[in-house]
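In what follows, a single structure is set out as structure tokens and then discussed.
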Amino acid sequence: MEDTQATLLTFEKMRHAGFHVSIDDFGTGYSSLATLQRLPAAELKIDQAFVKDLEHSEMSRSIVRSIVQLAKACNLRVVAEGVETTGQSDLLVEMGCDDLQGYLFSMPVSGDDLQKMALNRFPSNTAEFRDSLYATSFINDIT
């Protein structure tokens with residue numbers, strides 16, 4: 001992120017190659033408002049630091065709500081990271097998050113198990129996969 005021109009060029013090449021580019025950990029570190037202006041991302045991921053206190057902190061709810069509104073105004077999909085409770089999940093869905101990820105849905109899994117989950121061949125499949133990110137790119141390649 002320090003070399004904006006090189007990063008911008010890389011993002012553009014990735015986008016033209018069909019990759020879906022996300023701004024991870026938004027609101028912390030290098031992921032700032034300026035990043036939204038400069039880089040052609042399709043998705044913004046809300047850092048788990050903001051999700052953690054969502055149920056108990058009006059400040060956290062205000063920050064997340066603002067991030068979601070900002071992302072929507074910029075035509076970006078919104079993913080919330082670190083979702084661990086149904087209360088967090090309910091609030092995030094109500095606020096307009098497109099996707100949620102965290103221990104509420106699955107513990108970390110190996111690449112092989114992730115593939116099985118996406119293909120609905122995993123014993124306790126509780127995760128849903130967006131066709132636009134996984135199924136159309138990977139599943140179509142193997143069928």
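What the table shows:
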| quantity | calculated |
| --- | --- |
| In the range 70-82, the residues that are in a helix (DSSP H, G or I) and of a type in the set (A, V, I, L, M) | L70, A71, A73 |
| Test: K52 is of a type in the set (D, E, K, R), at negative phi and within 13 Å of the chain's Cα centre (by Cα) | no |
| Any chance D24 is surrounded by 16 or more Cβ atoms within 10 Å (Cβ to Cβ), of a type in the set (D, E) and either outside any helix (DSSP H, G or I) or modelled with pLDDT of 70 or more (or both) | yes |
| Top-ranked residue of the range 1-21 - restricted to ones that are at pLDDT 80 or above and outside any helix (DSSP H, G or I), ranked as most open to solvent (accessible area, probe 1.4 Å) | F19 |
| Any hit, the range 75-85, residues being hydroxyl-bearing (S, T, Y) and free of Cβ contacts under 8 Å to residues at least 24 places away in the same chain | no |
| Conditions (1) in contact (Cβ under 8 Å) with a residue 24 or more places away in the chain; (2) open to solvent by 40 Å² or more (accessible area, probe 1.4 Å): number failed by L100 | (1) |
| Condition check for T136: assigned to a loop (DSSP other than H, G, I, E, B) and either open to solvent by 60 Å² or more (accessible area, probe 1.4 Å) or modelled with pLDDT of 80 or more (or both) | no |
| Options P123, P40; residue that is at pLDDT below 75 and either among the hydrophobic types (A, V, I, L, M, F, W, C) or over 24 Å from T10 (Cβ atoms) (or both) | P123 |
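Okay, residues lined up against (1) in contact with a strand residue (DSSP E or B) (Cβ under 6 Å, 6 or more places away or on another chain); (2) open to solvent by 60 Å² or more (accessible area, probe 1.4 Å); (3) not in a strand (DSSP E or B):
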residue: A49; (1), (2), (3): no, no, yes
residue: S60; (1), (2), (3): no, no, yes
residue: R65; (1), (2), (3): no, yes, yes
residue: V68; (1), (2), (3): yes, no, yes
residue: E84; (1), (2), (3): no, yes, yes
residue: Q88; (1), (2), (3): no, no, yes
residue: L91; (1), (2), (3): no, no, yes
residue: E94; (1), (2), (3): no, yes, yes
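The values are calculated or read from the model by the stated rules, or taken from the named source; none is laboratory data. Remember, predicted model here, so these are calculated numbers, not experimental data. All Cβ positions, glycine included, derive from the backbone under ideal geometry; neighbour counts span all protein chains shown. Heads up: the accessible areas ignore ligands, DNA and RNA and are worked out on the full protein's heavy atoms, side chains in. Shrake-Rupley method; radii C 1.70, N 1.55, O 1.52, S 1.80 Å.
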